[in-house]
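Coordinate-derived values only; no laboratory data. None of the values given here were measured: they were computed from a predicted structure. Using ideal geometry, Cβ is built from the backbone for each residue, glycine included, and neighbour counts are taken over all protein chains shown.
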Amino acid sequence: MTIHPDQERSPESIVLDCAQRARAAQLPLAALSDIQKAEALHAAAASLRRSCGPILQANSCDIDAATSAGLSAAMIDRLRLDSDRLEGIAKAVDAVADLPDPVGQIIDQSTPPNGLQLSRVRVPIGVLGIIYESRPNVTADAAALCVRAGNAVLLRGGSEAVHSNTAIHAAFVEGLVASGVPADAVQLIPTQDRAAVGAMLAAAGLIDMIIPRGGKGLVERVQADARVPVLAHLDGICHTYLHSAADTAMAGDIAFNAKMRRTGICGAMETLLIDAQFSASAAVLGRLLDAGCEVRGDARAQALDSRIVPAGDADWGTEYLEPIVSVRIVDGLGEALAHIAEHSSHHTDVIVTSDDAAAEQFLNTVDSAIVMVNASSQFADGGEFGLGAEIGIATGRLHARGPVALEGLTTYKWCVRGSGQVRP
């Protein structure tokens, strides 16, 4: 049996070598023009289309392994690729190629009394490490966003998608290299040893930022162990509050869509707050129940429909990611705001109301990455915000919040132009 060279090295040495090569490749990548980066990504998309057969064959290996391992139907669906899904991946890469290049954009400029001409200009962050699970489309999405923003990237996908990720990465890089982008600018960590994740988290000075995309366990580990800045969200505990002045038809449609359109995404509603003065509470809850959603409510919510089961304390802080919702009846906007402040994960929170003053108070008070009025929380998505593909939703307070796309993958530098000034 032939031993792959990477099997003879420790995960730590593999990550160190990949990071050093990424650092070297990032410099020529950052020097490419807007047009060059766009052409390289279009070439990568074309290569993905040409490689449809090998990619789908690799994906079938992952599906077979996942089925044998007893993975859930939802997990297998996340893994599964077909020609339509692969075309969607290629189209997403093309869409990123066509986005405006953030690198070199002038954020602001000024001239203070000393006569210096100051400007803040967007630049790439450098080398990014992206650790993700399940969805093989992330391999192409993340690579495209990083390349467009001038960043080299180290990709570490989950073992359940290892064959799919490898095939997608090979096709993507083939297109890049044909367009003059260094192959080392986009690398897939060539080991599934869990120690490789730890090595990435400890690679301060080589990796500039880590972005985890996956379940709560992965994100908690990254946030606890990283010695590198992390851009992440832990939970998507999203609230919808039906205010006393909400239009009843609108409220019903928004609550139903926010929970039931896709229950497994981070922007799905997990807690429904209903004002005690809202007139159509039973109808809203009945619609959810009739559709097969389990409703867990407080005592006042339970009184509205015999099918509602009791909510426990843990329900207010649970991200279900399935057709389950917790419901609380509140006495006014103040109580709704207090509940959200205590239990929100700062992802996306919504008010439904026709009262402009209440809407503005909600927008100004709720401290979440995304705050909405009269819209479903399922719109919490970079594509829906016009940002193209996203790398994830950030719920922290530093660097970037909400959908993180190209702008969120840049930082800035100060450019100072003088005419001989010396400081007195």
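With the radius of gyration and the Kirkwood radius both derived from the Cα set of segment 264-319, what is their ratio Rg to Rh?
Over the Cα atoms of segment 264-319, Rg/Rh equals 0.94.
Skipping prolines and chain starts, which residues have an amide H placed within reach, meaning under 5 Å, of the one on residue 238, given they are 5 or more residues away or on another chain?
For residue 238, the qualifying residues are 270, 271.
Could you give the dipole magnitude of segment 238-384 about its Cα centre, charging the beta-carbon of Lys and Arg +1 and that of Asp and Glu -1, in debye to the nearest 20?
Approximately 420 debye in magnitude.
Rounded, prolate or oblate: pick one for segment 137-233, where a ≥ b ≥ c are the square roots of the eigenvalues of its C-alpha gyration tensor, a/c under 1.5 means rounded, and failing that, prolate if a/b is larger than b/c, else oblate.
Prolate shape, in that a/c is at least 1.5 and a/b is the bigger ratio.
Can you give me the long-range amide H partners of residue 213? Hydrogens built in the peptide plane at 1.01 Å from N, cutoff under 5 Å, separation of 5 or more residues or another chain.
Hits under the 5 Å cutoff: 131, 132, 133.
Would you work out which of 109, 222, 276 lies farthest towards the positive end of the dipole of the chain? Charges go on Cβ: Lys and Arg +1, Asp and Glu -1.
109
Pick out, from 59, 146, 376, the residue whose Cα sits farthest towards the positive end of the charge dipole of the chain, with +1 on the Cβ of Lys and Arg and -1 on the Cβ of Asp and Glu.
So the residue we want is 146.
How tilted is helix 216-225 with respect to the longest principal axis of the chain? Cα atoms for both, answer in degrees (0 to 90, nearest 10).
Tilt of helix 216-225: around 50 degrees.
Using the Kirkwood radius over Cα pairs, work out the Stokes-Einstein diffusion coefficient for segment 238-384 at 20 °C and 1.002 mPa s, in µm²/s as a whole number.
The diffusion coefficient I find is 146 µm²/s.
Please build a GNM for the chain, connecting alpha carbons under 10 Å apart, and tell me which residue among 104, 267, 175 fluctuates the most.
So, out of 104, 267, 175, the one fluctuating most is 104.
Taking +1 at the Cβ of each Lys and Arg and -1 at the Cβ of each Asp and Glu, which of 301, 353, 246 sits farthest along the dipole of segment 238-384 towards its positive end, judged by Cα position relative to the Cα centre?
301
Can you tell me which of 220, 360, 390 moves the most in a GNM of the chain? Springs connect C-alpha atoms under 10 Å apart.
Judging by the Gaussian network model, the answer is 360.
Rg (Å, one decimal) plus Dmax (Å, integer) for the alpha carbons of the chain?
Rg, Dmax (Cα atoms, Å): 23.9, 80.
Which cross-chain or sequence-distant (5 or more) residues have an amide H under 5 Å from the amide H of residue 394, H modelled 1.01 Å from N in plane?
402, 404
Using a 10 angstrom cutoff on alpha carbons, build the Gaussian network for the chain and name the most mobile of 109, 361, 302.
109
Mind checking the angle between helix 11-30 and the chain's longest principal axis? C-alpha axes, 0 to 90 degrees, to the nearest 10.
Relative to the chain, helix 11-30 is tipped by roughly 80 degrees.
Compute the signed sum of charges (Lys and Arg +1, Asp and Glu -1) over the other residues within less than 14 Å, Cβ to Cβ, of residue 139.
0
Given 37/216; 37/259; 37/91, which pairs have Cα atoms separated by over 28 Å?
Correct reply: 37/216; 37/259.
So how far, in whole Å, is the C-alpha centre of segment 248-300 from the one of segment 13-76?
39
Can you compute the charge dipole magnitude of the chain about its Cα centre, using +1 on each Lys and Arg Cβ and -1 on each Asp and Glu Cβ, nothing else charged? Give it in debye, rounded to the nearest 20.
Its charge dipole is roughly 1280 debye.
In degrees from 0 to 90, rounded to the nearest 10, what is the angle of the helix 356-365 Cα long axis to the longest principal axis of the chain?
The angle comes out near 50 degrees.
When the dipole is taken about the Cα centre of segment 201-283, and only Lys, Arg (+1) and Asp, Glu (-1) are charged at their Cβ, what size is it in debye, to the nearest 20?
300
Find the centroid of the Cα atoms in segment 99-121 and in segment 356-384, then give the distance between the two in whole Å.
When both Cα centres are located, 31 Å separates them.
Treat the count of other C-beta atoms within 10 Å as a stand-in for reagent exposure and order 348, 191, 263, 395 from fewest to most.
263, 191, 395, 348
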